[in-house]
Amino acid sequence: MSKPVSNPAEFVRIEAAALTALALRMETTMREPFERAVNLLAACAGQHKRVVVMGMGKSGIIGQKIAATLSSTGTPALFLHPAEAMHGDLGVLSKGDVVLALSMSGEIDEISKLLPMVKRLGDALISFCGKPESTLAQASDVLLDCCVTEEACSLNLAPTASTTVMLALGDALAMEVSRRRGFKREDFADLHPGGKLGKKLSRVSQLMHAGDALPAVASSTLMPDVIHEMSSKRLGMTTVLQDGKLVGIISDGDLRRLLEREGPHALEKTAAEVMNKTPRTIAGDVLATSALAVMEEKKITALVVVDSGQKAEGVIHLHDLWGTELI
């Protein structure tokens, strides 16, 4: 029977109530099975195996998103359509993989027919299911209860609150496995090289001026040649190198102070006499956000990129960070 709804916001409140009930279960009756599911997925990822997610219809769409979230947070996963699995795609499942099956009723034919092969081939079966007495729930090594008292649909038919609960539970599972495995911001950056997010998570080595674009002079270089190098490379500074290693830098500010102090004799000086011997440096594998933080804190516009032996690899300038949309 249809439920009278006078305010469309009530649809959202029904889903919110289902999520609140899920959170309560996760703190009580579902605490232990959730922990077992996390352990299984963490061990699976640690052994370089995969999580194979399955679901039909709306549950399948939620399953695709869960697989994508797992993969993007360091737990290799893929979505396997149950109908296609019956016609050969089950070949993607190998020993050591963990299967995550989504079905609110637990009685979807396409999944039920796969259970004998899944149990034989996979390492474990975790289910998101709302019926603990169902075929899927009974076959599972771990059952995560996705039951809802009602759908947001006014007919109480269309998967709405139930799919919202599945999605939230999948996110919680992925986030906890990621946290447990020590997944870091740098790891996330490696898996998201494209788009706006990729720009924001760029590493210093991807943005720095290197090779011929690196401004560099020797300690004995006279100031006219130092100025030429700085002007030609257009970074407002130059490194001072000895056998490839950084011994100092000279900036536009250093030049101004030199001219104020020495006047016409400034051009007689060598780079070694003018340089800052303790410049700020950064490693190439550091995120660009960290480089920006250093520049803002120290009120400088460039950092020299060095390796562990202080060999100069490049220079990252404040202007280089504009394209990352960090500024």
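Out of the trypsin sites (Lys or Arg not before Pro) in segment 245-327, which ones are loop residues according to DSSP with at most 13 other C-beta atoms within 10 Å?
Values: sites: 245, 256, 257, 261, 269, 277, 280, 298, 299, 311; in loops: 269, 277, 280, 299.
Answer in residue order: 277, 299.
Project the alpha carbons of segment 1-128 onto their principal axes and report the range along each, largest first, in whole Å.
Extents along the principal axes: 52, 32, 26 Å.
For the chain, calculate the relative contact order in percent as a whole number, restricting contacts to Cα pairs under 8 Å that are 6 or more residues apart.
Values: 563 pairs, mean separation 47.5, N = 327.
Result for the chain is 15 percent.
Could you pull the accessible area for residue 286 with a 1.4 Å probe, rounded to 10 Å²?
Approximately 40 Å² for this residue.
Counting Lys and Arg as +1 and Asp and Glu as -1, each charge on the Cβ, what is the dipole of segment 266-308 about the Cα centre in debye, to the nearest 20?
In total the dipole reaches around 140 debye.
Could you give the size of the charge dipole of the chain about its Cα centre, using +1 on the Cβ of each K and R and -1 on the Cβ of each D and E, expressed in debye and rounded to the nearest 20?
Working: 35 positive and 39 negative charges, 47 e Å.
That gives a dipole near 220 debye.
What is segment 258-321's relative contact order, in percent, from Cα pairs under 8 angstrom and six or more apart in sequence? Don't jump to the answer; show the numbers that get you there.
Numbers: 55 pairs, mean separation 16.5, N = 64.
26 percent.
Just to be sure I understand: of the beta bridges DSSP finds with both ends in the chain, what percent are antiparallel, rounded to 5? Present the calculation step by step, with values, prior to reporting the outcome.
Working: 16 of 38 bridges.
Antiparallel bridges: around 40 percent, rounded to the nearest 5.
Given the chain, report the % of alpha carbon pairs whose separation exceeds 24 Å.
Details: 34627 of 53301 pairs.
Here the long-distance tail beyond 24 Å is 65 percent of all Cα pairs in the chain.
If you find the alpha carbon centre of segment 62-83 and of segment 230-250, how far apart are they in angstrom?
Result: 48 Å between the Cα centres.
On the accessible surface of segment 204-327, probed at 1.4 Å, how many percent belong to carbon and sulfur atoms? Mind showing how you got there, number by number?
Details: 3360 of 6690 Å².
Here carbon and sulfur together make up 50 percent of the probe-accessible area.
Do me a favour and compute the ellipsoid semi-axes for segment 61-161 from its Cα gyration tensor, root of five times each eigenvalue, largest one first, whole Å. Intermediate results must be reported in sequence, preceding the final value.
Numbers: eigenvalues 108, 53, 34 Å².
That gives 23, 16, 13 Å for the three semi-axes.
With the Cα gyration tensor of segment 121-182 giving a ≥ b ≥ c as the square roots of its eigenvalues, does the rule (a/c under 1.5 for rounded; else a/b larger than b/c for prolate; else oblate) give rounded, prolate or oblate?
Oblate shape, in that a/c is at least 1.5 and b/c is the bigger or equal ratio.
Keeping all protein chains in place and using 1.4 angstrom, which order do 317, 81, 228, 209 fall into by accessible surface area, from largest down?
Ranked from most to least accessible, the order is 228, 81, 209, 317.
Quick one: ranking 65, 233 by accessible area, 1.4 Å probe, largest first, what do you get? Kindly include the intermediate steps, with their values, before the conclusion.
Values: 65 85, 233 55 Å².
Ranked from most to least accessible, the order is 65, 233.
Pick out, from 259, 231, 319, the residue whose Cα sits farthest towards the positive end of the charge dipole of the chain, with +1 on the Cβ of Lys and Arg and -1 on the Cβ of Asp and Glu.
259
The values are calculated or read from the model by the stated rules, or taken from the named source; none is laboratory data. The structure presented is a predicted model; accordingly, all values stated were derived computationally and were not measured. Quick reminder, even Gly has a Cβ in these numbers, built from the backbone with ideal geometry, and neighbours come from all protein chains shown. What goes into the accessible areas is simple: the full protein's heavy atoms, side chains included, and nothing from ligands, DNA or RNA. Shrake-Rupley method; radii C 1.70, N 1.55, O 1.52, S 1.80 Å.
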